[in-house]
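Let me begin by presenting the structure, written as structure tokens, before commenting on it.
Any read-out appearing in this document is the output of simple, stated calculations on the displayed coordinates, not a laboratory observation. As the structure is a computational prediction, the values presented were derived from the model and not from experiment. Neighbour counts run over all protein chains shown; Cβ positions are idealised from the backbone, glycine included.
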Amino acid sequence: MSDTTTGSAITVRGLRKSYGERRVLDGIDLTVGRGDIFALLGPNGAGKTTTVQILTTLRRADAGEITICGHDVASAADRVRELIGVTGQFAAVDGLLTGRENLRLVADLLHLPKTRATRLVDELLARFDLAAAADRVAGGYSGGMTRRLDLAMTLVGGPRVLFLDEPTTGLDPRSRRAVWQTIAELVADTGVTVFLTTQYLEEADQLADRIAVLDGGRIVAEGTAEELKRLVPGHHIRLEFADRSDLHAAAAGLPGSRVVDEGDRPALAVPGDGGVRALRAVLDDLDRAGVEATALAVRTPTLDDVFLTLTGHPAAPTTATADKEIAR
């Protein structure tokens, strides 16, 4: 199987993995385009980390075909390792070294020429906003700085595909958003492909071009965030009115609508997919009813709703002390 002519950075067909009697991955198919950010969502124990470990040559699959940038993971593992970078849930930063020394250590391990390594280290420190702290011991960095340094270390080898396994685990909201911005800018500037696992649904919503939901060892849904949100019920157009008489007049002219607020802001919820056509139809019905809404909003399900509907589990917040997946 080759993906050199399809524009795909990662292709997976029929991936299976079991641990004893327990089947963790049960025939997974995935395609990740070059330069895309792809997010794999799933509850604890779904097999997300096992998937990453197989794609990055750290574990062997029981069955299936996998290529990274056209190279087979099983038969060309060494070449695949040259093309990828991996950042796990816990930063691989040496807290006894400075930020600059951590980056230089990786460059030395990769046998980069001294002049090139010096230039690259300086560039990465600047890109990840670490230049001012470059010569401070990394053990004194904040969580967000440590994660940014960890990402920078992953990029020393110039990977074409970057695997991020729950990269913002344990970070506070501000640091998490800073890492998101760093990842988005990195992809925009370099064209690197990112394969991301996460339990922060907002993370997938903000970053990913495409999202797959993994549950019970299978991909149960895949698409853009908006495509996934359309899989679950709950889309509606919310209309607010000046008074109850306008609300009831509008309700009479909008079949299927329901009152959602009888307080100071009388409102109707009108079923619809949130598209332009549905919105235009609602406005036309209001005109025919001779009623004007004071406010209008399109409400759609969130990724939390999608996650709960597809997996039967609410999305669990990820913390530094969260249990590791069973299937690793």
Given backbone amide H placed at 1.01 Å from N, residues whose amide H is under 5 Å from that of Ile10, ignoring those fewer than 5 places away on the same chain, are Val32, Cys69
Pick from Val73, Val32, Val137 the residue whose mean-square fluctuation is largest in a GNM of the chain, springs joining Cα atoms under 10 Å. Val137
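Sort Tyr19, Tyr200 by Cβ crowding within 10 Å, fewest neighbours at the top.
On the way: Tyr19 12, Tyr200 23.
By the 10 Å Cβ count, ascending: Tyr19, Tyr200.
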Rounding to the nearest 10 and keeping the result within 0 to 90°, find how far the Cα-based axis of helix 276-289 lies from the longest principal axis of the chain. 20 degrees
Quick one: Karplus J couplings for region 204-209, per residue in order, coefficients 6.51, -1.76, 1.60, θ = phi - 60°, nearest Hz, x for Gly and Pro? 5, 4, 6, 9, 7, 6
List every residue whose amide H lies under 5 Å from the amide H of Val86, counting only residues 5 or more places away in sequence or on a different chain, with H placed 1.01 Å from N in the peptide plane. Phe163
Calculate one ³J(HN,Hα) per residue across region 131-147 by plugging θ = phi - 60° into the Karplus curve 6.51 cos²θ - 1.76 cosθ + 1.60, and present them in order as whole Hz with x for glycine and proline. 4, 5, 9, 4, 9, 8, 5, 5, x, x, 6, 6, x, x, 5, 4, 5
Only Cα pairs under 8 Å and at least 6 apart count here; give the relative contact order of region 1-114 as a rounded whole percent. 26 percent
Considering amide H positions built from the backbone, and no H for Pro or chain starts, which residues 5 or more places from Ile37, or on another chain, come under 5 Å of its amide H? Val194, Asp209, Arg210
Expected vector for region 68-82, Karplus 3J(HN,Hα) from phi with 6.51, -1.76, 1.60 and θ = phi - 60°, integer Hz, x for Gly and Pro, equals 10, 6, x, 10, 6, 5, 6, 9, 10, 4, 4, 5, 4, 4, 6
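What size of dipole, in debye to the nearest 20, comes out for the chain about its Cα centre when the only charges are +1 on Lys and Arg C-beta atoms and -1 on Asp and Glu C-beta atoms? Write out the running numbers ahead of the final one.
Values: 38 positive and 46 negative charges, 209 e Å.
Taking the Cα centre of the chain as origin, the dipole is about 1000 debye.
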Which residue, Ile54, Ile66, Ile37, tops the fluctuation ranking in a GNM of the chain built on C-alpha contacts under 10 Å? Ile54
Farthest toward the dipole's positive end in region 8-229, which of Ala188, Ala225, Ala63, given Cβ charges of +1 (Lys, Arg) and -1 (Asp, Glu) about the Cα centre? Ala63
Report relative contact order for region 43-93 in percent, whole number only (criteria: Cα-Cα under 8 Å, sequence separation at least 6). 27 percent
Value of relative contact order over the chain, rounded to a whole percent, pairs C-alpha under 8 Å and six or more apart: 21 percent
Size of the dipole of region 191-282 about the Cα centre, Lys and Arg at +1 and Asp and Glu at -1 on the beta carbon, nothing else charged, in debye to 20? 340 debye
Excluding residues fewer than 8 positions from Lys48 in its own chain, the aspartates and glutamates with Cα under 17 Å of it are Asp26, Asp29, Asp62, Asp165, Glu166, Glu203, Asp215, Glu222, Asp323, Glu325
Candidates for mean projected area of the Cα convex hull in nm² are (i) 18.2; (ii) 16.4; (iii) 20.9, and the calculated one carries label (iii)
With no solvent and one point per C-alpha, what does the Debye sum give as log10 I(q)/I(0) for region 236-300 at q = 0.16, 0.18 Å⁻¹? -0.42, -0.53
Can you tell me the order of 166-173, 277-284 when each peptide is scored by its average per-residue count of other Cβ atoms within 10 angstrom, highest first? 166-173, 277-284
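When DSSP beta bridges are limited to those with both residues in the chain, what percentage is antiparallel, rounded to the nearest 5?
Details: 35 of 53 bridges.
Restricted to the chain, the bridges split so that about 65 percent are antiparallel.
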Note: Ala126 to Leu109 extended length (0.36 nm per residue) minus current alpha-carbon separation gives 4.0 nm
